[in-house]
Each structure stands twice: as structure tokens, then as C-alpha cells.
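The values are calculated or read from the model by the stated rules, or taken from the named source; none is laboratory data. This structure is a prediction, so every number in the text was calculated from the model and none was measured. Counting neighbours? That spans all protein chains shown, and the Cβs are built from the backbone with ideal geometry, glycine included.
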Amino acid sequence: MPKVMIVAGEPSGDLHASQVAHQLKARCPDITLFGMGGDRMEKASVELDFHIRDSAVMGFADVITVLPMFLRKQAYLKRRIRAERPDALLLVDFAEFNMPLAKFAQRQGVPVVYYIPPKAWAWRASRAQKLAKWANVVAAIFPFEAEFYRNAGANTEFVGHPLVDFAQTSFDTHTAREHLNLCEIEGPVIGLMPGSRRSEIHHIFPIMLEAAANIAKVYPDAQWILPLAPGIPRKLIAKYQHELKAELLPIKIVEDATYPAMRASTLLLVTSGTATLEAACIGTPMIILFRTTPLNWHIVKALTPLERSGLPNLIAGRDIVPELLQTGLTPSALTELSLDFLQNPQKRESQREALQAVYAQLGTTGAAERIAELVLEFPNGSPNLKTDR
């Protein structure tokens, strides 16, 4: 009976790993799955040694505060790798935690598939050479990422981006608004997406609220919708609304309706991260936001040579979505930029067309199926190697 350890450390990784777990179970019903993840992985029949609810962090300073806990978890998972000898170790994103596990598993002779590998093309390029030694297969989700890792010597598969499978909705704008019980009025619908981590909420949501209050003076009939990220309680959003005396701003908070909310929106104000790529898949114009502690920001700037932050811009290779980063993210700057987009439909349409081109580069559906097939090849020998590598 095959055994596979799966390790994910954040909500997005939990989601993508759960999709692979479902595919593994469908192909091999007697497979044993165990490791670290969240609710979605647990529902997909993964036996969890650790839950991710206390693992998601943002920035280097945050990592330092949880380092002892991380090291204890790593040590335990290493002991399980040595004791269980799984047929494969599937690592999903979460590079700072998962890279040492890849190295350890390789030394133990346990095959490693790294799905959503470290963004070595953005910073710390040496990680690509390391992963080329430690991973049997690097499963890249961007075409340029696959090329980067191949050039570093890694056995690389471009599996496509998992968002292509599920970042979609059958609703058009009208039916999405109807589904979400938004009023049929002429004013815009503005989506607020302050992030999936508490630290993101802390640094970004108050600025969103101040900008929203300013925008509401120009668009008093605007409607506001906030698709709540998994793991973020409503009371946390209410706390900031109360502290900033923004209770009168009628923000409609929805759960399990991210993509309908995106489709219903005229404009999205979205924190940099996976959500920006989800918005690209849906095709909704957006403004990308990022703010963290000064210490984290200085470290990021020192280590990252990239001129842009948002994933849609990185994939496009140019600035198709405006970014407001760190000190540039102020209520006045966000207000001005938002009003510019709301008052200029041609700008929104131009960005929408550029986002469609980004979506076309993400590959075809079936990423989870392709990962499952790679993982299940290991109990029967080495994975098939492409001749074009």
C-alpha cells in the first residue's frame, strides 16, 4: 500500500495540496496520506500531524518569532520520514519550511516532488541549484519558472497553474451581483481583499477603510464587498471598522464566494499575493497593495531585485496593474488611483485585456491530476523524463 507524505504550510498550499490528495485517492484508493496541512487536506483524507492554523506568517521578522515552533515541527516530520519511509514526499510551496525537508528526504532516499517551488527567480537564486539536487521533480506553475529551474539543472515539469482549474465562476457580472444580493443601481461595486494573514489585515485594511470613506464621498451609491479569506474571523474585520469609526460604511462580508465577489466587482483593491492571480483569472480590474513592517520591507528590498511585486505584472513582464507598495500605500494615493479607474472605463477595459493575456500563459486545466501522476510513478521506479530537458 503506497504511502505519501504531503506538507503545506499556508491556506493556499492547503487548497492546492487537497486537490492533489483527491486525485491520489481517486487513482489509488488504498493510498495512505499524512503530513501537515489544513482543513481542506484533512477533508481529503490526509492524516494531519500538524494543522497550519498557526503556521501562516508574513515576512522575515514574523518567521523569527515562530522559528522554534517551526523547528520542532520539522524535526518531527523528519523523524516520520525516517520511520515511515514514504514512497514519495510532496512539498507544496512554503519554501523556508519545506526546503530543509527536501534536503533531508533526499539523503534518506525518499523521492521528492516539489509543487509550487521557491520563487528563486525573484530572490535568492541559489535555491534553484539546491532544489535541483534535492528534488526528483520540480513541478513549476509558470512557464518562465520552468525555464528558470531547468537552466539551474533541475528535473522540471511545467504542470500549469492550479488556479486555472478552480478560479472561475459561471456568473456574469449581473448574475453575480444578484447572487450576492447586491442592489441593482448605477454605482460601482468595489471589492476589498485585505489578505489572508492577520498581519496583512493589520497593515493594509485600515488604509483600505480610509480610502473607501473618501471614495464614498464621490460615489455615495458605491457598494462594497469583502470576500472573507479562510481563517480570518469576521470579528477581526469588525474590530478595525470600529476602531476607525467605519461601521457606517456598508461593507458586505461574504464567505465561500470569492470568485462571484470578484466577478461582481467593478474594481478590486487586493493585497499582493495569490489573490491577484485569481483576479486575473476572473478578469476583474484591480489595484495591487502591499505593506508590511519597516524591518520586513528593508529585508525584502535588499534581497529582491525585482522592479514589480504583483504576480500578473511579473508574468506579463510589464506593469499592467498599478501597485501601491509600502510607503506608497497611503489613503490619499489609494483614493486617487481608485477614482481614476472608476472614472475611466477605458483604463479598466485595457487592463482586462492584458489580464486575459496573462491567463493564457497559465497553462491548461488539470494541474492536480498531473502532480498526482508524477507522485504515483515513484513506487514503480523513477519518473518518466522528458527528452527536451
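Take Pro227 and decide whether it is in the same structural domain as Ile287 (by TED's automatic domain parsing), in contact with a His (Cβ under 8 Å, 6 or more places away or on another chain) and crowded, with 22+ Cβ neighbours inside 10 Å. So Pro227 fails the test.
Within segment 160-184, residues that are not assigned by TED's automatic domain parsing to the domain that holds Phe142 reach partners that are of a type in the set (S, T, N, Q) and surrounded by 16 or more Cβ atoms within 10 Å (Cβ to Cβ) with beta carbons closer than 6 Å, at six or more positions or on different chains, in the pairs Leu182/Gln223. Return yes when Gly195 is in the same structural domain as Pro331 (by TED's automatic domain parsing), in contact with a His (Cβ under 9 Å, 6 or more places away or on another chain) and farther than 30 Å from Val375 by Cβ and no when it is not. So Gly195 fits the description; yes. When Phe158 is tested against (1) under 30 Å from Ser18 (Cα atoms); (2) at pLDDT 95 or above; (3) surrounded by fewer than 21 Cβ atoms within 10 Å (Cβ to Cβ), only condition (3) is not met. Quick one: which of Pro11, Pro29 is surrounded by fewer than 18 Cβ atoms within 10 Å (Cβ to Cβ) and assigned by TED's automatic domain parsing to the domain that holds Ala105? Going through Pro11, Pro29 in turn, just one is surrounded by fewer than 18 Cβ atoms within 10 Å (Cβ to Cβ) and assigned by TED's automatic domain parsing to the domain that holds Ala105: Pro29.
Would you point out the residue of segment 339-389, among those that are acidic (Asp, Glu) and at pLDDT below 95, that is farthest from Phe158 (Cα to Cα)? Top of the filtered list is Glu377. From the list Asp165, Asp172, the one residue that fits, being acidic (Asp, Glu) and in contact with a Ser or Thr (Cβ under 8 Å, 6 or more places away or on another chain), is Asp165.
Selection of first residues in segment 361-379 that are closer than 14 Å to Asp87 by Cβ and touching a residue at least 40 places away in the same chain (Cβ under 8 Å) and of second residues that are assigned to a helix (DSSP H, G or I) and of a type in the set (A, V, I, L, M, F, W, C), restricted to Cβ pairs under 9 Å at least 6 apart or on distinct chains, gives the following pairs, ordered by first then second residue: Ala372/Val20; Ala372/Ala21; Ala372/Leu24; Ala372/Ala26; Val375/Val20; Val375/Leu24; Leu376/Leu24. Selection of segment 286-307 for residues being of a type outside the set (A, V, I, L, M, F, W, C) and crowded, with 19+ Cβ neighbours inside 10 Å yields Arg291, Thr292, Asn296.
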